[in-house]
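The structure under discussion appears below in the form of structure tokens.
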Amino acid sequence: MIIPTIRSLFFTLLAAVAMPAMASPAGFKNGSPDADDSAAFVSPFYRDNERCFICHGQKIYKYKNETTGQDIKEPMFSERIINRDAFYRSNHKGFSCVDCHSSGYTKFPHPGELRMEQMYNCIDCHGNDEKFAKFHFEEIEAEYKESIHFKLEEEGFSCWKCHDPHSYKINVRNTRNLKETILYDNNICLGCHANYDRFQLLTNREEINIVKAHEWLPNQEVHFQNVRCIECHTKINNNILVSHLIQPKEKAVRLCNECHSQNSILMATLYKFQAKQERKGGFLNGIILNESYVIGANRNEFLNLVSFIIFCLTLAAIIIHIIFRIRMKK
């Protein structure tokens with residue numbers, strides 16, 4: 001039976017994932033996707049995008065039946081509902097819908113043949129571009145092709161299964177709230193692995209009970225809340241910010257000392273960006289001195305010496321006390 005608090009962690013906080021519509025070759029209108037990340041951001045294509053959001057931005061859409069003259073209300077297919085607010089907080093918030101989707105979608109009813117158009121992949125826009133060179137998208141693509149996810153491409157898996165283009169945003173480069181980053185990234189994994197309706201679209205395997213599958217993990221709930229799934233299920237790559245080489249479960253991290261040690265693998269994964277920005281002198285793993293403190297991962301030579309002296313003095317006091325008591329009895 002699933003523990004209620006963990007059930008809540010998995011299911012009530014899952015990010016809403018909308019299935020991407022088919023895209024067609026189209027050019028980007030300008031460089032606005034790099035606009036500053038601000039709540040005050042206003043897309044230059046807001047009015048254009050409303051042509052799409054007027055239907056895809058809510059559960060009910062309306063249209064006029066030209067044959068009968070009636071005004072019709074229909075429920076929007078749930079997988080085609082795009083959260084307007086989430087889109088304008090996402091990495092792609094500065095784009096027009098028709099930057100990625102065919103301009104044919106501006107017509108209603110949409111021409112049926114548009115459903116057969118090929119979708120872009122991440123590398124189609126982000127690859128071989130000096131603007132994105134520092135993020136090593138080509139290396140990410142190479143890693144992805146070695147992962148167990150890539151083996152499911154014939155079944156329909158793609159970049160978009162994890163990185164919904166309408167809502168995905170990079171959190172790991174934001175050091176203000178690591179807890180939110182962990183929750184957001186884990187929800188990407190749980191969007192399939194804890195949602196059997198989506199999971200069975202890609203595999204014939206039986207439903208996986210995430211809690212039961214990780215029952216060997218001590219303090220399970222604490223681990224789920226403080227580390228991401230990819231910390232244990234990917235192969236570390238120092239050249240990219242987030243590893244995309246998802247490995248088989250047999251190769252997942254299971255040894256405590258791989259994280260709970262001076263050379264914690266978390267320094268090369270979860271804390272990689274923060275370590276570069278905030279590493280403090282004296283502490284080999286100073287970045288872990290925060291709300292996600294990992295026992296055994298911090299070292300400071302001065303504190304180690306002080307702790308050792310205190311331990312020796314305490315031990316000496318106990319020995320002297322015992323000797324004194326023995327002599328008093330005699």
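When only the Cβ of Lys, Arg, Asp and Glu is charged (+1, +1, -1, -1), the dipole of the range 140-254 relative to its Cα centre reaches about 360 debye. Gain on full extension, evaluated as 0.36 nm per residue between Gln247 and Lys131 minus their Cα-Cα distance, stands at 38.8 nm. First compute the accessible area of the range 88-200 with a 1.4 Å probe, then give the percent of it belonging to carbon and sulfur atoms. Accessible surface attributable to carbon and sulfur in the range 88-200 totals 52 percent.
Between the range 57-96 and the range 106-140, the C-alpha centres lie 22 angstrom from each other. Given a 1.4 Å probe and the protein chains as shown, Arg84 ends up with an accessible area of around 60 Å².
Taking each of Lys73/Lys151; Lys62/Lys179; Lys59/Lys93; Lys73/Lys169; Lys131/Lys251 in turn, the alpha-carbon distance tops 31 angstrom for Lys73/Lys151; Lys62/Lys179; Lys73/Lys169; Lys131/Lys251.
Rg/Rh for the range 40-188 (Cα atoms only, Rh after Kirkwood) is 1.01.
The values are calculated or read from the model by the stated rules, or taken from the named source; none is laboratory data. This structure is a prediction, so every number in the text was calculated from the model and none was measured. Methodologically, a virtual Cβ is constructed for each residue, glycine included, from the backbone with ideal geometry; neighbour enumeration extends over all protein chains shown. Just so you know, the surface numbers come from the protein's heavy atoms only, side chains and all, with ligands and any DNA or RNA stripped out. Shrake-Rupley method; radii C 1.70, N 1.55, O 1.52, S 1.80 Å.
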